[in-house]
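A short worksheet on the structure shown next.
The values are calculated or read from the model by the stated rules, or taken from the named source; none is laboratory data. Just so you know, these numbers come straight off a predicted model, no measurement behind them. As a convention, Cβ positions derive from the backbone with ideal geometry for all residues, glycine included, and neighbour counts pool all protein chains shown. Accessible surface areas use protein heavy atoms only, side chains included; no ligands, DNA or RNA. Shrake-Rupley method; radii C 1.70, N 1.55, O 1.52, S 1.80 Å.
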Amino acid sequence: MKKECERMSNLWERFENIANADEVAEAKSSYTPVEAGAYVATLEKFEATESQSGLPMLKAQFRLLNNRVVFYNMILQNVNNPDWTARNIAQAVTFVNKVTGEDVEFTSLGDLAQRVENTVLGKQYDITVTYGKNDAEMKFAKVSVKGEYKELTDGDVPF
């Protein structure tokens with residue numbers, strides 16, 4: 001057993017020069033999750049895809065004005081609780097409606113996927129980032145879209 005452990009500990013020795021302890025410590029301390037709050041963000045990616053387990057999934061990537069990236073991921077089907085599938089799809093429809101600026105009722109997953117594919121990228125949106133009450137480490141941002149960003153003029157009140 002000892003020989004096997006020694007072999008395992010040496011597996012990465014040839015990579016020792018890719019980063020030193022100080023660089024790793026600095027990188028670790030400089031990473032901070034995006035704070036909960038309201039942001040203006042550009043939609044960079046938007047796709048109807050599948051999760052790693054092959055379930056229908058909606059994914060979006062937003063870039064904030066400070067160049068940070070926030071991801072939206074929603075698996076639509078809940079195989080353990082089918083009642084949640086309709087809820088997840090309803091949330092996805094609301095998200096797509098906010099991104100597209102249209103209030104379209106759900107008809108089918110195929111139609112929803114087509115709307116996602118037809119969405120123009122590069123537009124700016126008012127978004128809100130929150131975290132679940134059990135996500136103390138802020139690992140899983142929840143993104144909601146308020147609507148397309150409209151620059152304020154005199155007399156306008158921010159959302």
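Listing for the model above:
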{"item": "Subset of segment 118-140 (residues that are within 17 Å of the chain's Cα centre (by Cα), over 13 Å from LEU43 (Cα atoms) and open to solvent by 40 Å² or more (accessible area, probe 1.4 Å))", "result": "THR130, TYR131, GLU137, MET138, LYS139, PHE140"}
{"item": "Residue satisfying all of: in segment 141-150; outside any loop (DSSP other than H, G, I, E, B) and open to solvent by 90 Å² or more (accessible area, probe 1.4 Å); farthest from ARG68 (Cα to Cα) among these", "result": "LYS146"}
{"item": "Filter pass, VAL93 being more than 20 Å from GLU148 (Cβ to Cβ), part of a helix (DSSP H, G or I) and β-branched (Val, Ile, Thr)", "result": "no"}
{"item": "Residue within segment 20-33 that is at pLDDT 85 or above and closer than 24 Å to LYS142 by Cβ present", "result": "yes"}
{"item": "Some residue of segment 102-121 being touching a Lys or Arg at 6+ places or on another chain (Cβ under 8 Å) and either among the β-branched types (Val, Ile, Thr) or assigned to a strand (DSSP E or B) (or both)", "result": "yes"}
{"item": "Residue match in segment 52-67 (condition: buried (at least 17 other Cβ atoms within 10 Å of the Cβ), of a type in the set (A, V, I, L, M) and not in a strand (DSSP E or B))", "result": "no"}
